[in-house]
Amino acid sequence: MSELAVTTEIKGHTGIITLNRPEAYNTFNTELATLLNSALSSFDHNSAIRVVVIRSNGKNFSTGIDLKEFDDKGLDEYVEFISLMDRHNHTIAEMKKPVISAVQGYCLANGAGLSFACDMTIASESAKFGTTAINVGLICTGPGIPLIANVGRKKAMEMVLLGDMLTAQQAHDLGLVNWVVPDEELDSKTFEIADRLASKSPLAIAAGKRGLSNAYNSPYREAVDFGTKMFATLCASDDAKEGVSAFIEKRTPDWKLK
């Protein structure tokens, strides 16, 4: 029996999703895209999970969609197929829990889009990022959407239409990567950040993620009002009261998720 294209495990309060097609540079096929979205949704609905990490087996994070799946399809079939390849953009944005990508090696096309869609990214020094589909006559419109949200219109146009690759440091300087670390420290840094996030109030994290994610899709005034509602709802929770009390009493808070 062949191994699954995506595997999952739980470490403390962290749900770990591993892209598992190293022999194919962890390219997206129907199985990988389906299992990835299923794993994200499952972890988001698991009350024991407070943060999700996406990583990969092998030398590379992901080099995009498997070109073998671009076989002879009709338009409707391509719409269905590409919608599945892009679905993680919706899934991650709608999740209550923060999603971290841990990137090594090549992170290209749809693989780059997955990293761009995550809430935080940690990259090894040797990582390379690029929206490179243009170089084979395709185009990274799906990855370009979270890209433009991170870097703005002109830089996104440059990256998508020229297809050049960036070093990890260049991606960091553009705001696409939060931390660049030596290759051998990628796992330790990833789980350090995951543990820090998991120690925070899950309700506060969810309110912050929903409030900020909503801002990308809303006019300024509407986004501010939505953020106000999220914060007010959090303030009325038992965990908010617990967090304030714990701070005043100089003790570790005991989160109850209510």
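The values are calculated or read from the model by the stated rules, or taken from the named source; none is laboratory data. For clarity, every value in this text was computed on a predicted model and none was experimentally measured. Using ideal geometry, Cβ is built from the backbone for each residue, glycine included, and neighbour counts are taken over all protein chains shown.
Below, the figures for the structure above:
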| read-out | value |
| --- | --- |
| Strands (runs of 3 or more DSSP E) contained entirely in segment 89-133, each with at least 2 residues that are surrounded by 24 or more Cβ atoms within 10 Å (Cβ to Cβ), under 11 Å from the mean Cα position of the chain (by Cα) and small (G, A, S) | 99-103 |
| Complete set of residues in segment 194-218 that are charged (D, E, K, R) and surrounded by fewer than 17 Cβ atoms within 10 Å (Cβ to Cβ) | D195, R196, K200 |
| Residue in segment 25-57 that is nearest to the chain's Cα centre (by Cα), counting only those that are outside any helix (DSSP H, G or I) and of a type in the set (D, E, K, R) | R55 |
| Condition broken by R196, with the remaining ones in (1) free of Cβ contacts under 8 Å to residues at least 12 places away in the same chain; (2) closer than 19 Å to G113 by Cα; (3) assigned to a helix (DSSP H, G or I) satisfied | (2) |
| Index of the failed condition, E158 passing every other in (1) within 28 Å of A194 (Cα to Cα); (2) surrounded by fewer than 23 Cβ atoms within 10 Å (Cβ to Cβ) | (1) |
| Condition check for T14: over 30 Å from L257 (Cα atoms) and either among the polar types (S, T, N, Q) or touching a Gly at 6+ places or on another chain (Cβ under 8 Å) (or both) | no |
| Residue satisfying all of: in segment 134-164; closer than 15 Å to M85 by Cα and not small (G, A, S); nearest to the chain's Cα centre (by Cα) among these | P146 |
| A171 vs. criteria surrounded by 15 or more Cβ atoms within 10 Å (Cβ to Cβ) and either part of a helix (DSSP H, G or I) or at pLDDT 75 or above (or both) | yes |
| The one condition in (1) charged (D, E, K, R); (2) more than 23 Å from T141 (Cα to Cα); (3) modelled with pLDDT of 95 or more that E3 fails to fulfil | (3) |
| Extreme residue, surrounded by the fewest Cβ atoms within 10 Å (Cβ to Cβ), among residues of segment 228-255 that are at pLDDT 75 or above and in a loop (DSSP other than H, G, I, E, B) | K250 |
